[in-house]
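Some notes on the structure that comes next.
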Amino acid sequence: MNTQAHGIMFHHFHGGEHIKAQGFLSAQDFDDLLTWYGKNNNIIGAEEFYEKAIGGKLGKNDVVLTFDDALRCQYDIAGPVMKDRGLTGFWFVYTSPMTGVYEKLEIYHHFRFYMYPEIDDFYAAFFEAAEDIKDMLKVDVTAGLADEKWRGYKPESTFYTDNDRRFRYARDYILGADRYNRVMDAMMEAAGYDYEKYVDLLWVKEQELKALHKENHIIGLHSHTHPTTLGMMNYEDQKAEYATCKKLLEAFLPTITTVSYPCDSFNDDTKGIMQELGVKMGFRAYPIENADPFFIPREDHSNLFKTMRNQ
Ligand SMILES: [Zn+2]
């Protein structure tokens, strides 16, 4: 891309007690990526990017670092590298884990990488589990994938493998959230995986977010429970997701005015909801150009990392 100011979207990092898996960056990978990307881009701090964005003054090479999902691995691994470089970024937080409701999204993610170091082994086990309980689910995933409609799902994520795409299509469209959870819960039980052992390793808490804020990072909204299809929700439910997030964060931080949309899922109501909540700028999850400060594009770290390694 590089024709418009944008964010880089980071998710998982590995190192120390944080497991290594597909697409995760080490501290060294992260540092290398910043050096490489910084050659042709102007990587700036969060406050500078924010002021420029809402003032319509972003230069086309301006880039900022963004971290979705408030993960401990981001804080533990990327945090020190940024500190060394004097860089700050945006941290988009979904708040349900702070209330003791451990969102299954991240637990499932940890489970699959922890138990299945090879992602294709996980996918095979997943489709097998869905097949095993298809009568209980009253949905046949195998049959639902047979027409190959999954090939057209999330075309923007060019780095997805066929299995990545099959899995996401099955999760979001064939199963839906409740049935997907039943398949995953069945797999975790069969594998003897106890998620309570890992929750402190997965998310940052109030104390880390306060520390980030104190060091001039910007904390933003990322919904309360991180639904994967917020853009399919009605107005009230969508607004409640963000309003709850905002209220919980503002219990210990100043007014929150930024957002990133979970799974890039939004609809025609979203911008109006943001304005009602006093939000001033937002990030998409794809490098799709847009002059609107509510839909600033982002490059995924996996894409950039692959490009860097291939050079
Ligand atoms: Zn997210």
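The values are calculated or read from the model by the stated rules, or taken from the named source; none is laboratory data. All values derive from a computational prediction rather than experimental measurement. For neighbour counting, all protein chains shown are included, and Cβ atoms are generated from backbone atoms with ideal geometry for every residue, glycine included. In case anyone asks, the SASA skips ligands and DNA or RNA and just uses the protein heavy atoms, side chains included. Shrake-Rupley method; radii C 1.70, N 1.55, O 1.52, S 1.80 Å.
Brief remarks follow.
- For residue 13, the residues 5 or more places off, or on other chains, whose built amide H falls under 5 Å of its own are 25, 74.
- One way to sum up the overall shape of region 152-238 is the equivalent ellipsoid from its Cα gyration tensor, whose semi-axes run 28, 21, 15 Å, largest first.
- Protein accessible area in region 104-197, 1.4 Å probe - carbon and sulfur %: 47
- Low-density loop positions, GluC sites (Glu not before Pro), region 38-141 - DSSP coil, at most 15 other Cβ in 10 Å: 118
- Backbone HN-Hα couplings from phi across region 149-160 [Karplus 6.51/-1.76/1.60, Hz, Gly and Pro as x]: 5, 4, 4, x, 7, 6, x, 5, 7, 5, 7, 5
- Heavy-atom SASA rank of 172, 268 (probe 1.4 Å, accessible area, largest first): 268, 172
- A simple rule links phi to the HN-Hα coupling: the Karplus curve 6.51 cos²θ - 1.76 cosθ + 1.60 with θ = phi - 60°, which for region 13-26 gives 10, 10, x, x, 7, 8, 5, 9, 7, 3, x, 7, 9, 8 Hz, with x for Gly and Pro.
- Size descriptor, Kirkwood hydrodynamic radius, that averages inverse alpha-carbon separations across region 1-99, Å: 14.3
- Tail beyond 17 Å, pair distance distribution of region 104-197 (Cα, percent): 49
- The 3J(HN,Hα) values that the Karplus relation (6.51, -1.76, 1.60; θ = phi - 60°) gives for region 79-95 are, in residue order, x, x, 5, 5, 4, 4, 8, x, 9, 10, x, 9, 10, 9, 10, 9, 9 Hz. Gly and Pro appear as x.
- When both region 265-311 and region 133-147 are represented by their alpha-carbon centers, they are found 33 Å apart.
- Two-decimal Rg/Rh across the chain, once Rg and the Kirkwood Rh are taken from alpha-carbon atoms: 0.95
- Per residue accessible area of the chain, 1.4 Å probe, in Å²: 45
- Between the C-alpha center of region 80-101 and that of region 35-71 there is a gap of 16 Å.
- Taking all protein chains as shown and a probe of 1.4 angstrom, residue 309 keeps an accessible surface of around 130 Å².
- By a 1.4 Å probe calculation restricted to protein chains, residue 183 has an accessible surface near 0 Å², given to the nearest 10.
- Rounded accessible area of residue 11 (nearest 10 Å², 1.4 Å probe): 50
- In the chain, helical runs assigned H by DSSP with n ≥ 4 each contribute -39500 (n - 2.57); averaged across all residues and rounded to the nearest 500, the mean residue ellipticity at 222 nm is -12500 deg cm²/dmol.
- Heavy-atom accessible area, probed at 1.4 angstrom with all protein chains present, ranks 213, 222, 109 as 213, 109, 222, highest first.
- Under 5 Å from the amide H of residue 70 lie the amide H atoms of 92, 94, each residue being 5 or more positions distant or on a separate chain, with H modelled from the backbone and absent for Pro and chain starts.
- Normalised contact order of region 104-197, rounded percent, pairs of Cα under 8 Å and 6 or more residues apart: 33
- Inter-centroid distance (Cα atoms) of region 1-30 relative to region 237-264, Å: 23
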